[in-house]
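The values are calculated or read from the model by the stated rules, or taken from the named source; none is laboratory data. Because the structure is a prediction, the values reported are computed rather than measured. Cβ placement follows ideal geometry from the backbone for every residue including glycine, while neighbour counts extend to all protein chains displayed.
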Amino acid sequence: MLPRLGLCALALGFSTTANAQVNPAYEVATWSKFKTAAITYTFDDNTAKQLPVALPLFDRYNFKITLFTVTNWNPNWAGLRTASTNGHEVTSHTLSHPSLPTLTVAQQVTELQQSQAIIKTNVPTARCETIAYPNCNIGDIPSIQSYYIAGRTCSGQIMTSTPPDFYNLSSIITGTTGTVQTAATFNARVESAKASRGWCVFLTHGIDDDGGYSPTQSTELSAHLAYMNTNIADYWVGTFSDVAKYIKERNALSLTETTISADLLSLTATDNLANNVYDVPVTVRRLLPATWANAAVARAGVTVPSTISTVNGVKYIVFDVVPDQGEIRLAKATVTSNLGASQAIATETWPNPFTDRTTVEAKGNFSYSVYSLEGKLVETGQGTNSVKFGNNLASGTYVVKISQNGKVVSSKVIKK
């Protein structure tokens with residue numbers, strides 16, 4: 001059961017709120033990587049062509065989606081396990097798809113709790129932290145809050161960068177019963193989100209002729225996703241859970257510099273949220289000191305991917321932070337791995353330590369291997385830009401080896 005978490009006040013740019021203190025040299029990105037808008041694609045009811053037809057369209061561009069699953073409707077668990085392993089969100093659309101307000105509170109709890117438990121059992125990498133209400137009818141809020149951090153309706157609105165109610169998050173229905181049926185209408189909605197710097201959530205059921213409600217044509221979806229890929233500099237495509245978490249973390253984030261010298265800055269990033277739930281990286285940027293031509297970022301001796309950007313003639317170093325994961329160091333000198341410059345790979349593993357699973361990031365395609373301290377291989381896999389792992393590991397310390405283009409870098413991770 002998740003703790004009941006309050007909503008956070010908005011904290012953008014250099015502002016200070018009751019929940020967050022941001023050093024004035026830093027800016028917190030409204031959306032990941034300083035994208036202009038957030039876009040989320042959600043799929044309901046586990047219809048027949050969602051996994052074999054729609055999902056590959058998103059995988060082509062490494063876009064992650066949310067699959068709201070009715071657990072009593074015989075979902076394709078093997079396909080959902082693969083989707084979850086690849087970074088897609090598999091989460092709850094209740095046990096049997098009832099209209100929640102028509103049930104007693106006890107019956108609603110059964111729908112909420114058992115759906116979550118069944119998904120976690122059948123899809124071990126699924127955290128199942130969000131819910132889509134059947135027929136968009138919200139049930140008993142205190143019960144929902146006991147199990148989920150956010151809930152989705154379908155009021156057809158593009159949301160602001162901080163929605164007022166995380167248990168009444170809007171979505172836009174696609175397909176024959178909705179206003180979004182073609183690539184052009186998909187594109188128009190994301191452009192509206194860009195204009196308002198908001199969050200657009202699409203709600204899709206059937207694909208082509210699979211018999212699902214309000215079918216969306218895969219050809220139109222494919223054309224729209226090609227448009228998104230062309231314009232990806234403007235849009236962050238994130239799962240429903242990741243975007244909701246990002247907003248709450250961004251608004252609660254405190255950034256404090258504890259060491260300031262000519263060549264080194266030490267930063268702590270904290271918030272007041274549960275670390276075992278809220279672990280999505282938040283993008284920040286810092287004014288580059290006037291005497292620094294470049295900079296590098298590291299945490300616990302491991303390089304954190306970063307870039308230098310110029311905004312209105314001002315140089316910044318841009319990087320991601322996960323709150324409450326220890327001291328971050330910004331150095332004037334270039335930071336490389338201890339394997340030498342010729343073998344250096346820019347990687348980041350977060351959170352570390354972790355309680356459920358952790359994420360390793362390395363730009364491009366890479367493979368990873370996890371070893372016990374005795375040298376036993378306990379997990380291996382591949383990823384593009386990022387991959388989650390560790391869900392089935394026992395508590396302890398492990399060595400993670402990342403291989404890319406014949407180069408290898410190692411780091412230690414701790415599972416609590």
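Identify all residues within segment 57-86 that are under 19 Å from the mean Cα position of the chain (by Cα), part of a loop (DSSP other than H, G, I, E, B) and not hydroxyl-bearing (Ser, Thr, Tyr); write none if there are none.
Within segment 57-86, Arg60, Asn62, Phe63, Lys64, Ile65, Asn86 meet the criteria.
Buried (at least 20 other Cβ atoms within 10 Å of the Cβ), touching a Lys or Arg at 6+ places or on another chain (Cβ under 7 Å) and modelled with pLDDT under 90: is that true of Phe354 in this structure?
Yes: the conditions hold for Phe354.
Could you figure out which of (1) basic (Lys, Arg); (2) closer than 22 Å to Ala269 by Cβ; (3) modelled with pLDDT under 85 isn't true of Lys388?
All conditions pass for Lys388, except number (3).
Given the condition among the hydrophobic types (A, V, I, L, M, F, W, C), over 20 Å from Pro124 (Cβ atoms), surrounded by 15 or more Cβ atoms within 10 Å (Cβ to Cβ) and in contact (Cβ under 8 Å) with a residue 12 or more places away in the chain, answer yes or no: does some residue in segment 381-392 qualify?
no
Right, Thr130: closer than 22 Å to Lys248 by Cβ, buried (at least 20 other Cβ atoms within 10 Å of the Cβ) and not hydrophobic (A, V, I, L, M, F, W, C) or not?
Here the answer is yes, as Thr130 does meet what is asked.
Could we say that Leu377 is among the hydrophobic types (A, V, I, L, M, F, W, C), surrounded by fewer than 15 Cβ atoms within 10 Å (Cβ to Cβ) and free of Cβ contacts under 8 Å to residues at least 40 places away in the same chain here?
Yes: the conditions hold for Leu377.
Out of Asp324, Asp320, report the one residue that is closer than 26 Å to Val190 by Cβ, outside any helix (DSSP H, G or I), of a type in the set (D, E, K, R) and out of contact with any Leu (no Cβ under 8 Å at 6 or more places or on another chain).
Going through Asp324, Asp320 in turn, just one is closer than 26 Å to Val190 by Cβ, outside any helix (DSSP H, G or I), of a type in the set (D, E, K, R) and out of contact with any Leu (no Cβ under 8 Å at 6 or more places or on another chain): Asp320.
If you go through segment 117-127 one residue at a time, do you hit one that is closer than 15 Å to Asp45 by Cβ, surrounded by 21 or more Cβ atoms within 10 Å (Cβ to Cβ) and at pLDDT 95 or above?
Taking every residue of segment 117-127 in turn, at least one turns out to be closer than 15 Å to Asp45 by Cβ, surrounded by 21 or more Cβ atoms within 10 Å (Cβ to Cβ) and at pLDDT 95 or above.
Output the number of the condition that Gln181 fails; it satisfies all remaining conditions of (1) farther than 21 Å from Asp45 by Cβ; (2) without any contact (Cβ under 8 Å) to a residue 40 or more places away in the chain; (3) not charged (D, E, K, R).
(1)
Consider Gly364 carefully, then state whether it is of a type in the set (Gly, Ala, Ser), modelled with pLDDT of 80 or more and closer than 28 Å to Ser306 by Cβ.
So Gly364 passes the test.
If I ask for residues that are touching a residue at least 40 places away in the same chain (Cβ under 8 Å), surrounded by fewer than 13 Cβ atoms within 10 Å (Cβ to Cβ) and in a loop (DSSP other than H, G, I, E, B), which ones from segment 252-277 would you list?
Within segment 252-277, Ala262, Asp263 meet the criteria.
Of the residues in segment 327-340, how many are outside any loop (DSSP other than H, G, I, E, B) and either farther than 30 Å from Asn276 by Cβ or modelled with pLDDT under 90 (or both)?
The number of residues fulfilling the criteria is 1.
Can you spot a residue in segment 234-248 that is closer than 17 Å to Ile173 by Cβ, under 17 Å from the mean Cα position of the chain (by Cα) and outside any loop (DSSP other than H, G, I, E, B)?
The answer is yes; a qualifying residue exists.
State which residue pairs qualify: first residue more than 8 Å from Asn46 (Cβ to Cβ) and inside segment 60-79, second residue at pLDDT below 95 in any location, beta carbons under 6 Å apart, and separation of 6 or more residues or different chains.
Asn62/Thr384
Mind counting the residues in segment 128-187 that are under 18 Å from Ser241 (Cα atoms), polar (S, T, N, Q) and in a strand (DSSP E or B)?
Selection size over segment 128-187: 1.
For segment 156-200, name all the residues that are modelled with pLDDT of 95 or more, surrounded by fewer than 17 Cβ atoms within 10 Å (Cβ to Cβ), hydroxyl-bearing (Ser, Thr, Tyr) and more than 20 Å from the chain's Cα centre (by Cα).
Thr176, Thr177, Thr182, Thr185, Ser192, Ser196 - these are the residues of segment 156-200 that are modelled with pLDDT of 95 or more, surrounded by fewer than 17 Cβ atoms within 10 Å (Cβ to Cβ), hydroxyl-bearing (Ser, Thr, Tyr) and more than 20 Å from the chain's Cα centre (by Cα).
For segment 202-233, what are the residues that are in a helix (DSSP H, G or I) and within 20 Å of the chain's Cα centre (by Cα)?
Those that are in a helix (DSSP H, G or I) and within 20 Å of the chain's Cα centre (by Cα): Leu225, Met228, Asn229.
In the list Val280, Val284, which residue meets the criterion of being crowded, with 18+ Cβ neighbours inside 10 Å, modelled with pLDDT of 90 or more and not in a loop (DSSP other than H, G, I, E, B)?
Val284
For Glu348, which of the numbered conditions (1) at pLDDT below 85; (2) in contact with a strand residue (DSSP E or B) (Cβ under 8 Å, 6 or more places away or on another chain); (3) assigned to a loop (DSSP other than H, G, I, E, B) fails to hold?
(3)
What number of residues within segment 20-56 are of a type in the set (Ser, Thr, Tyr) and assigned to a loop (DSSP other than H, G, I, E, B)?
Number satisfying all stated conditions: 3.
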